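Worksheet: the structure to be examined is printed underneath.
Read-outs: derived from the displayed coordinates by stated rules, not from any lab. Please read these numbers as outputs of a predicted model, since none were measured by experiment. Here Cβ is always computed from backbone atoms with ideal geometry, including for glycine, and neighbour counts include all displayed protein chains.
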Amino acid sequence: MSYAIIGFGKIGHALARAFARKGLEVSVATTRDPESFAADAAAIGPTVMPKTLTDAVKADIIFLAVRFEAHSDVAKALPNWKGKTIVDVTNAYGVPPGHLGGQPSSKFIAQAFTGARLVKGFNHLIAAILDRGPAVQGGRRVVFLASDDDDAAAEIGGLAEDLGFAPIKLGRLSEGGLLVHARGNSWGQLVFKDLVKFDG
């Protein structure tokens, strides 16, 4: 299984560090030349590989960590995303619900990534919290996952476990998934909630 993070801002850095802690190889890419962020990637660890967008989207699992408005630019990198799993880490705060056809932002994004399986996840924590890592005083930091594809949710749940987090599945995007979606100028009730699971 191969992994990529598209977008290398604060959230992208935090995700890359999560992979680096476990020694898992992950590609990182933006629309810029990879040489422009190669030093940042190297500073995180040797398993973080700067790539072009064209090369990064060859990965099996792709974390979409760009501004919401930029998702369509990423989607153009491939004519068909069949066989890929997209983890939507974006937040559409400030985007009027009417612009999304009244649907959750992840459903809107899924339409751009033709053929892909999409999971909403890793988006409810601010970068500074996510960057602290999954271990908290003997417990594991929670990440919420929502998807209309149960197999994709299970796949990303397994990856979250491998990274040391405690995944909690919220169900479908338009059901429990609304708890981690921004809608217009409001946030879902679970956004910004930093929860820790203790395995008893």
remark   = Per the C-alpha gyration tensor (a ≥ b ≥ c, the square roots of its eigenvalues), the stretch 1-139 is rounded if a/c is under 1.5, else prolate if a/b beats b/c, else oblate; here it's oblate
task = Take the alpha carbon atoms of the stretch 20-67, find their center, do the same for the stretch 146-170, and report the distance between the two centers in whole angstrom.
result = 21
remark   = For the chain, whose charge dipole is built from +1 on Lys and Arg Cβ atoms and -1 on Asp and Glu Cβ atoms, the candidate among 171, 20, 118 with its Cα farthest towards the positive end is 171
key: trypsin sites (Lys or Arg not before Pro) restricted to the stretch 24-68 and DSSP loop, no more than 12 other C-beta within 10 Å   = 32, 67
key: Lys, Arg +1 and Asp, Glu -1 on Cβ, resulting dipole of the chain about Cα centre, debye, nearest 20   = 320
ask   = For the stretch 146-200, what class follows from the C-alpha gyration tensor (a ≥ b ≥ c being the square roots of its eigenvalues): rounded when a/c is under 1.5, otherwise prolate if a/b is larger than b/c, else oblate?
value = oblate
ask   = To two decimal places, what compactness ratio does the stretch 104-175 give when its Cα radius of gyration is scaled by 2.2 N^0.38 Å?
value = 1.15
key: Loop GluC sites (Glu not before Pro), the stretch 1-100, which have at most 16 other Cβ atoms in a 10 Å radius of their Cβ (DSSP)   = 25
task = Under a 10 Å cutoff between Cα atoms, tell me which one of 85, 52, 30 has the largest fluctuation in the Gaussian network model of the chain.
result = 52
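Tell me the net charge near residue 89. Cut-off is 13 Å between Cβ atoms, residue 89 excluded, with +1 for each Lys or Arg and -1 for each Asp or Glu.
Values: positive: 10, 67, 120; negative: 88.
Its environment carries a net charge of +2.
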key: Links that overshoot a 27 Å alpha carbon limit, given the list 76/169; 51/169; 107/169; 22/76   = 76/169; 51/169; 22/76
